[in-house]
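So the structure is just underneath, and the comments pick up after that.
The values are calculated or read from the model by the stated rules, or taken from the named source; none is laboratory data. Keep in mind that what you see is a predicted model, and the values were worked out from it rather than measured. No Cβ is skipped: glycine too gets one built from the backbone with ideal geometry, and neighbour counts run over all protein chains shown. Calculation scope for accessible area: heavy atoms of the full protein, side chains included, ligands and nucleic acids excluded. Shrake-Rupley method; radii C 1.70, N 1.55, O 1.52, S 1.80 Å.
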Amino acid sequence: MAGKVFFSVSMSLDGFVAPESVPVENELFSPDRQDDPDVRRWMAQWMELQQWIFPQRFFRENLGLGEGGEEGVDNDIARETFERTGASVMGRRMFDLGEQSWPEDAPFHTPVFVVTHSRRDPWERLGGTTFHFVTDGIEQALDRAREAAGDRDVRIAGGGTTILQYLNAGLVDEFSVTLSPVLFGAGTRLFEGVDASRIALEPVRSAPSSRVTHLTYAVRAR
């Protein structure tokens, strides 16, 4: 039986999954931009949003950052999310940012299907991650990801625009939001433009920790 399609993101308390964009976003991590105050602000806000994951034992092990780290609810959820994922789908903007920042042993360790308008040969990395570039739409990317995942789940990795496309198309079965105790005031809203007339949510789990609160919902047709 095919697995679920899900997404799992960190979100600020005012509903943003990324800070306000900076100019020339696909060059955000280029060396000549590191002294740009807009880039420093973006990175500081993003790090604050994601602060819960960095100390976790599983995160450190997965990225080869060394032994040790925290264990508990946050660590369990990070591990569970990774282990259930058999393939991922992401948008081109997320890939462009990640291509400049992911290590050679990219953190996915599964096939990743990038929704894009630009043709490109598959990009194979260490550790089992291969990026495939899909130019014929979100449904084709998902079909290929399902086939690659087998009986495991497919994760819509992001960014926010890509997640919203899949959600509005009725292609998401479940999602988890990790609420971080930060406020952005502006940025990329997760549910900006959601078709609420077609989507109903069923609470599945609420798991608070000392750092964040993890909320999981099943998605139903309204």
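Overview of results
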| item | result |
| --- | --- |
| Carbon and sulfur %, accessible surface of the chain computed with the full protein complex present, 1.4 Å | 50 percent |
| Residue-wise HN-Hα coupling along region 118-124, computed from phi with Karplus coefficients 6.51, -1.76, 1.60 (Hz; x: Gly, Pro) | 10, 6, 7, 5, x, 10, 8 |
| Percent of C-alpha pairs per 10 Å bin, region 47-135, short to long | 16, 44, 32, 8, 1 |
| Equivalent ellipsoid semi-axes - Cα gyration tensor, the chain, angstrom | 23, 22, 20 |
| Ranked order, T188, T110 - accessible area, probe 1.4 Å, largest first | T188, T110 |
| Exposure of W123 as accessible area (Å², to 10), given a probe of 1.4 Å and all protein chains | 60 Å² |
| Longest site-free stretch - the chain; sites: GluC sites (Glu not before Pro), DSSP loop, at most 16 other Cβ within 10 Å | 105-191 |
| Mean separation of Cα contacts under 8 Å, 6 or more apart, over the residue count of region 31-118: relative contact order % | 23 percent |
| Prolate/oblate/rounded call for region 156-222, Cα gyration tensor, a/c under 1.5 rounded | oblate |
| Region 60-134, accessible area per residue, ligands and nucleic acids excluded (1.4 Å, Å²) | 51 Å² |
| Computed accessible area, L13, all protein chains, 1.4 angstrom probe, square angstrom | 110 Å² |
| 5 Å binning of all Cα-Cα separations within region 96-188, expressed as whole percents from 0 upward | 2, 11, 20, 24, 21, 14, 7, 2, 0 |
| Region 120-216 - charge dipole about Cα centre, Lys and Arg +1 at Cβ, Asp and Glu -1, debye rounded to 20 | 420 debye |
| Orientation-averaged projected area, Cα convex hull of region 91-134 (nm²) | 2.7 nm² |
| Positive dipole terminus of the chain, leading residue within L201, L164, H117 (C-beta point charges) | L201 |
| The chain - charge dipole about Cα centre, Lys and Arg +1 at Cβ, Asp and Glu -1, debye rounded to 20 | 540 debye |
| Extended-chain gain in nm, criterion 0.36 nm per residue less alpha-carbon gap, R84 and D38 | 13.0 nm |
| Linear extension gain, A207 paired with M47, 0.36 nm per residue minus alpha-carbon span | 55.4 nm |
| Gain upon complete extension [D121, A200; 0.36 nm per residue less C-alpha separation] | 24.6 nm |
| Where M11, M90 fall by accessible area, highest first, once all protein chains stay in place (1.4 Å) | M11, M90 |
